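To keep things clear, I will list the structure first and then write my remarks on it.
The values are calculated or read from the model by the stated rules, or taken from the named source; none is laboratory data. Since the model is a prediction, treat every value here as computed from it, not as a measurement. Cβ sites come from the backbone with ideal geometry, for glycine too, and all protein chains shown count toward neighbours. Only protein heavy atoms, including side chains, enter the accessible area calculation; ligands, DNA and RNA are left aside. Shrake-Rupley method; radii C 1.70, N 1.55, O 1.52, S 1.80 Å.
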Amino acid sequence: MDIAQQIKSQLDIVRVISDYVPRLRRFGNRYSCLCPFHNEKTPSFSVYADHQFYKCFGCDARGDVFNFVMSIENITFWEALKKLAEQNGLPLPKQSQVSDEKTRARGALREMHEIAVEHFRGNLAGPNGARARDYLTGRGVAPPSIESFQLGLADSSGRALLRLLEQRGFRQEQLAESGLFGRRDDGTLYDRFRNRLMFPIYDESGKPIAFGGRALDPGENAKYVNSSETEIYKKSNVLYNLNRAKQTAAKIDRIVMVEGYMDVIGATQAGVAEVVAICGTALTVEQIRAMKRHSQNLHLNLDADSAGNKAAERSVKLLLDENVRVRVVELEGGLDPDEYCKEHGAETYRERIAKAKPYFYWLADRARGKFDLRDPQGRNDIFQFLLPAIQALRDKIERVSVANDLASYLGIESGLVLEHFRKMAADKSERASAPPKVNSKRPADRILLLSLLAAEEGRDELIQALRGVSGWNQSPAAGIYRTIVSMHDSGSAIAFHSLHERLEPGDQNLLASLVLDSEGGATTVEDGMACIEAMRREERESAARDLKGKIKVAEREGKLEEAFELMRQLAQMSETPVRG
Ligand code: CTP
Ligand code: MN
């Protein structure tokens, strides 16, 4: 067994996946949930404990435990391997043996970030950090928050981090690709962050991958500077604080989304731990998917200025398309969450969140400010403004009910415009959603394949018997049988995933539909042998029919000698024992 197989054999795919998707439902040996890789309303994603395999019948995402972690974390095979080994306390051989170039480069990036976090934290705690500590105190950031968000300080030298990482042996090209440095015209590097308060940005599993740096000097022209994008940091994929927010989010089934770092810290201090920030980006589908694995109930708490409102409008559409239920938190006085908590206290802020209205009331309020309700044209404009957000709802009954609620919220009880609006809301064509139900047409193939996969000890015997019949060549599953036999001959380990990997796409689907959806108990070698015997019997019967036909023809044509010979063959055939 190679190292990957060894690690895999000690992992349970159901447990690993449930760390990422907390709401797995169990049906016998199958687990099901909404697919984390595409948008859907009814679950077509399944995890098969028996086969240690996952498959989505909606988007066709599938694979073993490594494939899952690679796709969901967007990491390489070796990174997934290391991560799973580490998390589960499984030993790994030396670095060099389990790596490829890309993984090593990414490993160096991660290491540089670990070192940088410690370096910046040291600065903040040290003698030169007094001013920054005062700044944080002034902004109400308590020492436990400094600790848990691992805040730090970049000094003003412009080269301290560069020197440190050089000393630790990182090469210039590694440093240049870290996102932590700028490059002068003469090619030399300098610290990107100078005299800034440093916020480490973490990936979903809590490893630092980038930094945001806030100016401490009010005269500084850029309030925030961010790491540039790297191999491990794509700004639009990251939600700040998701690594910490996700536990609470899953527990209370709610996520609060704010604009920036300070808002996250303020909200967390106010007892709202399920908070993440988009950090000045336009919300992306990647961010939504990362978030909605933990909860599908989102409270948007973006800044209330006009840019923030526009951003919220855009985000609502995107969120509804992803089936996220959206409420909008409104804070009076145009304050951001951090300012609001300080001005009105934690209690009031939590109340604001609890009272957040469903997005469509918030949109209606926005519309009221923009258009004139007394005028038919104004009413028309309002409805046009609201329609896309309503049409994004998949469920017709829900659309109609929201349309009615909105009309009464706006105080519009009758009129042609309202009728038109209701009709438009109701009429949107339903999208086809339910995944095609797979069922196996040939139960014998299903049983035989299951027993070939399950029966480690009896497999030799089964494959031997399989060679003795040819009936399976006509089976739709012929390609699968051939692959199993050739894997067996070459001594490869036969398991669902290793077999699946070697098949053509058509056969992969067939295998999945035959094997994965089967309920019921274990399939034994005897079950498999019975299928092969049935094939053999079928073969003999068809050969016998064939011979009898030929005998008749020979007799009719007076070819007696030939008829005798054929009869002899027929008699011999029925003497052969069924099991060879
Ligand atoms: N941001 C950024 N680059 C900028 C400005 C903002 O990356 N030039 C991101 C930061 O993540 C910031 C967020 O957008 O936290 C929101 O920006 P803003 O509202 O201006 O800052 P606050 O978070 O309110 O920070 P502070 O309270 O310290 O002013
Ligand atoms: Mn702020």
field: Tally, over region 126-171, of residues that are closer than 23 Å to residue 209 by Cβ, in a helix (DSSP H, G or I) and open to solvent by 80 Å² or more (accessible area, probe 1.4 Å)
entry: 3
query: Hey, among the residues in region 325-345 that are among the hydrophobic types (A, V, I, L, M, F, W, C) and either surrounded by fewer than 22 Cβ atoms within 10 Å (Cβ to Cβ) or closer than 12 Å to residue 308 by Cβ (or both), which one's nearest to ligand 2 (Cβ to nearest atom)?
result: 335
statement: Note: among 321, 365, 375, 381, just one is away from ligand 2 (no atom under 16 Å from the Cβ) and closer than 29 Å to residue 38 by Cα, namely 321
- request: Test residue 398 against the criterion of being surrounded by fewer than 13 Cβ atoms within 10 Å (Cβ to Cβ), over 35 Å from the mean Cα position of the chain (by Cα) and at pLDDT 75 or above, and give yes or no.
  value: no
- request: Considering only residues that are closer than 18 Å to residue 295 by Cα and either in the same structural domain as residue 199 (by TED's automatic domain parsing) or open to solvent by less than 10 Å² (accessible area, probe 1.4 Å) (or both), look in region 268-279 and name the one that is farthest from ligand 2 (Cβ to nearest atom).
  value: 274
task: Mind checking which helices (runs of 4 or more DSSP H) fall wholly inside region 281-383 and carry at least 1 residues that are within 16 Å of ligand 1 (Cβ to nearest atom) and closer than 26 Å to residue 74 by Cα?
output: 285-292, 306-321
Members of region 187-204 found to be exposed (fewer than 14 other Cβ atoms within 10 Å of the Cβ) and either within 15 Å of ligand 1 (Cβ to nearest atom) or modelled with pLDDT under 95 (or both), listed by number: 187
Residues of region 526-580 satisfying the condition of being open to solvent by 90 Å² or more (accessible area, probe 1.4 Å) and among the basic types (Lys, Arg): 537, 545, 548, 550, 552, 556, 559, 568, 579
query: Within region 37-45, is even one residue in contact (Cβ under 8 Å) with a residue 12 or more places away in the chain, under 30 Å from residue 216 (Cβ atoms) and basic (Lys, Arg)?
result: no
task: Take region 172-193 and flag every residue that is in a strand (DSSP E or B) and among the hydroxyl-bearing types (Ser, Thr, Tyr).
output: 190
query: Only one of 37, 53, 68 is surrounded by fewer than 20 Cβ atoms within 10 Å (Cβ to Cβ), aromatic (Phe, Trp, Tyr) and over 29 Å from residue 171 (Cβ atoms); which?
result: 37
field: In region 228-261, residue most open to solvent (accessible area, probe 1.4 Å) [restricted to those that are within 15 Å of ligand 1 (Cβ to nearest atom) and in contact with a Leu (Cβ under 6 Å, 6 or more places away or on another chain)]
entry: 259
